[in-house]
């Protein structure tokens, strides 16, 4: 049985103790009776326009008692937290309705109204050829609005991350997408600076401090036209916004060295992503791996920034605590790739109750929702239950069917239609640092990381020095006799005894190159096709070993072997030419220059391959229906 909410104006969620009504004020001000007074660019009533939607955006509150809407002067007087849309509540603080200033909705910096309709994702089935495709998402529809935090929830394997990746345009090349995704009513490509994606894992350098990590990222993300002092101040401002001012000069830390906490790491990752002030922020499991208190601090800071800047936030969350759940403005509930519910949290509780799954007293609604639709433990539940009760699989079918036929689904569809018909402004690509600037910043950061990382730099340096001393002492006073020629050649065998060692450590390519580098067969004895031409001349081992031979044998002379009848001595040049078959047309410095040139060329080839692969993935992703 599907629940039917009371009739309300469009765009307004069901009234509840925790949700103020959201109305598209068009640049004017509400009167005492909450009626819109025409003014500004919004005009009067009538068809919904971009300006009327973007100039008056609200952030919905938590599940606690609604405390009313504070005026801008009262909010400013209450301090920074309240001005940003957060006021003290029973659980620390709760969101309150705050109007985003109309100046923030300028055409040069439009807000992002994101809609998706009947989105489906399939992946090629594994196993034998001809296996059917596996459907991960099945007809998901919804929307996300500026200044709000939308939570995508569901049990493991329900499709949360897949939906998030689909909306962000990050689907893999092996996945196929159907449906329509629009931004401000347009099929628009996500330009640089428009959106940001925070992954579940924190990819941070443990040797850097919080200030350094954000500042280095700011130098690369922000344009060169912005002065360095301004970039520095902007980075510090973002750090303070996310509540990391006290840890600004603390090292991030890692497995060996202790640093900031898990919650601070997550906030730092978010800091780096919001440096460009993106209009869309996607978060993949922002509360995973941290305790409930840290989770609340992370999400409360995100909600505060979203309410202040009019940022559209979509977060895939596994199982939030009750306090974190109160911070969400909307809920998209998924299970086995199906839409269980989309709407406000209060509507979700009502929907579950009307369809036979009421939330028990003193249980968190988020725990109740996930426990009801998590079918991983159906067998254990059936075995341990003495009374007949519905399994999670049955609950999923009941709720998914009921939602499709409910007024909640119709209301969501109507809101999507209105967003699709809006005359929204398009996003422009923002400037970023040049390639030269990024190269310099990355080089500086890399040297700083190596200098501070004991295991990466200093220990390796000590090992290399020890190896050098061992190689130098083992051949100490090798002499200038005829037998010393063979001893000097064994230096190479001592450094690289066999090409199989290279394969064992994963250097298969180097192993192949070593075959024709002069270690196993002399150059003139190599088979001409492939091994001599061109492999011998593109192998950097050839130039390294010949340069080493020239450095060791040039200018030396050795006593002749007793079998030699005429020559009393053998010069080093003769050894190089006749015994080692070294090319003598150039000096050892040319060999060194060739090695340096090959090092640069290989790195340029690596960079080119990375860029080409990235372009191919983007094109394939676009063809498969990612956000345009």
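The values are calculated or read from the model by the stated rules, or taken from the named source; none is laboratory data. Everything numeric in this text was worked out from a predicted model, so none of it was measured. Neighbour counts are summed over all protein chains in view; Cβ atoms, including those assigned to glycine, are modelled from backbone coordinates with ideal geometry.
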Checked segment 322-363 for anything within 23 Å of residue 290 (Cα to Cα), touching a helix residue (DSSP H, G or I) at 6+ places or on another chain (Cβ under 8 Å) and surrounded by fewer than 19 Cβ atoms within 10 Å (Cβ to Cβ); matches are 322
Test result for residue 174, more than 29 Å from residue 293 (Cβ to Cβ) and at pLDDT 50 or above: yes
For segment 327-362 the number of residues that are assigned to a loop (DSSP other than H, G, I, E, B) and either touching a strand residue (DSSP E or B) at 6+ places or on another chain (Cβ under 6 Å) or within 23 Å of residue 147 (Cα to Cα) (or both) is 5
(1) modelled with pLDDT under 85; (2) under 18 Å from residue 306 (Cβ atoms) all hold for residue 283 apart from (1)
The number of residues in segment 177-206 that are in a loop (DSSP other than H, G, I, E, B) and either buried (at least 16 other Cβ atoms within 10 Å of the Cβ) or modelled with pLDDT of 80 or more (or both) is 16
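Does residue 267 satisfy the criteria of being farther than 30 Å from residue 449 by Cβ and at pLDDT below 90?
In short, no.
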Restricting segment 210-254 to residues that are free of Cβ contacts under 8 Å to residues at least 24 places away in the same chain and outside any helix (DSSP H, G or I), the one surrounded by the most Cβ atoms within 10 Å (Cβ to Cβ) turns out to be 226
Of the candidates 208, 222, 228, the one satisfying the condition of being under 25 Å from residue 426 (Cα atoms) and assigned by the TED database to the domain that holds residue 267 is 222
Residue set 106, 165; condition within 25 Å of residue 302 (Cβ to Cβ), modelled with pLDDT of 85 or more and surrounded by fewer than 23 Cβ atoms within 10 Å (Cβ to Cβ); output residue 165
Those residues of segment 257-281 which are out of contact with any strand residue (DSSP E or B) (no Cβ under 6 Å at 6 or more places or on another chain) and part of a helix (DSSP H, G or I) amount to 262, 263, 264, 265, 266, 267, 268, 271, 272
